Structures are given as structure tokens and as C-alpha cells.
1. Could you please find all residues in region 126-148 being without any contact (Cβ under 8 Å) to a residue 24 or more places away in the chain, among the polar types (S, T, N, Q) and not in a strand (DSSP E or B)?
2. Examine region 83-106 for a residue that is open to solvent by 60 Å² or more (accessible area, probe 1.4 Å), of a type outside the set (Val, Ile, Thr), part of a loop (DSSP other than H, G, I, E, B) and at pLDDT 90 or above, and state whether such a residue exists.
3. How many residues are open to solvent by 100 Å² or more (accessible area, probe 1.4 Å), part of a loop (DSSP other than H, G, I, E, B) and either touching a residue at least 40 places away in the same chain (Cβ under 8 Å) or touching a strand residue (DSSP E or B) at 6+ places or on another chain (Cβ under 9 Å) (or both) when one looks only at region 107-119?
4. Can you tell me which condition residue 135 does not meet? The list is (1) open to solvent by less than 60 Å² (accessible area, probe 1.4 Å); (2) more than 15 Å from residue 167 (Cβ to Cβ), and all the others hold.
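The values are calculated or read from the model by the stated rules, or taken from the named source; none is laboratory data. Quick caveat: nothing in here was measured; it's all calculated off a predicted structure. Reconstructed Cβ throughout: ideal geometry from the backbone, glycine too, with neighbour counts over all protein chains shown. Ligands, DNA and RNA are excluded from the accessible area calculation, which covers all protein heavy atoms including side chains. Shrake-Rupley method; radii C 1.70, N 1.55, O 1.52, S 1.80 Å.
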Amino acid sequence: MACKPADSLLHKNQTNEEWQDITDSGLPRFERANLPSLSQRVQLDPVQSELEIGNSGSVTIDKAKLAAVNQDVCPKLVELPVGSTKTVRENEVMQGAYCDYYIYPKKGQRISIEDYPKYIEADLISPVYYDFANGSYLVDKADEYVIRLSYKDFELFNDEIEYEVTIKVQ
């Protein structure tokens, strides 16, 4: 491959045009047959790190996906079974003072929470605060919603608290 130097690099009185060979410039050689045309679409595979960070790019959400299958890891991602409006999590284990659940409802849906035992309380903490003791919450926009289940009792809690929660989205 060869290129002609730009006219601005040559003196006005220089009449000899020189061509420079750039094939040995150290750059990789591209063959015309291997280059996609402008009308072709090239699909790139997503890049994944060793930590298996997903397309969302959020480490918190990825941890929540992994925690969804583990009973004693928080935060958790709530994925409703296909065709169902609720998910029941039994024998969950809270190892701190709270555990967060991430959910992605659509506008107009209602979120309601049933939890057991009585000293576990459910609150919506993001994008707005709402206490589920007041009933179900009407979703006003599609967004990431974070439900926090927390220990609310006067006695000191043990290292692990077993609980169950039912999350309904209708």
C-alpha cells in the first residue's frame, strides 16, 4: 500500500512528487476481502470480566442475581416465574440487620409484601420511601425498585434470622 504525501507538506517550488511505501510501518496488514462493507452489520460479543459482570455493568445487581439462588446472601434480585404475579421465598436467612430485594415492575402495577415473622418489616427504599405496613404500593414509573426487609424488634438479634417473604406484583 502506498500513499502520496499531502501537498501542504511539499514546498511550492518542488516539482518532483514522491510516493512513500508504508507497507513496512509495523501496522497489521488488512486484506480487502476480510473487511466488512459499509452495508454489513458486525455484531460484537459482549466483553465479560473474570467477575462475570453482566451487561448492566452494575456489580450490585450482579451480586443480587447470584444471591437469588442463595438463601443467606444479600442483596437479592426478584424474578417472577413466567405467568406468575408472585414469588415466595421460604427459609431465607438474614445475616445482618437488613436484606435488599431488587425488582423491576412496570408502570401501573402494584407491589405488595407479606413477611414472616412479625419482627421483619418491609419498606420500599428506592426510588421513593414507602412503608408496606400501609398496604400495597402503586408503581408510578418503570424503574429499579429496592425493597428492604429489616429486623425491627427491641431485642438484640442473633447472627442469623430465618424468615420468609412473598412478593406480589399485579
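1. From region 126-148, those without any contact (Cβ under 8 Å) to a residue 24 or more places away in the chain are 126-135; that's our starting set.
In the following step, the residues that additionally are among the polar types (S, T, N, Q) were identified as 126, 134.
Hit for region 126-148 is 134, nothing else.
2. First, pick out the residues of region 83-106 that are open to solvent by 60 Å² or more (accessible area, probe 1.4 Å): 83, 85-86, 88, 90-91, 95, 98, 104, 106.
Of the ones still in play, those that are also of a type outside the set (Val, Ile, Thr) are 83, 86, 90-91, 95, 98, 104, 106.
Then keep just the ones that are part of a loop (DSSP other than H, G, I, E, B); that gives 83, 95, 104, 106.
Now restrict to residues that are at pLDDT 90 or above: 104, 106.
Checked region 83-106: at least one residue is open to solvent by 60 Å² or more (accessible area, probe 1.4 Å), of a type outside the set (Val, Ile, Thr), part of a loop (DSSP other than H, G, I, E, B) and at pLDDT 90 or above.
3. 0
4. (2)
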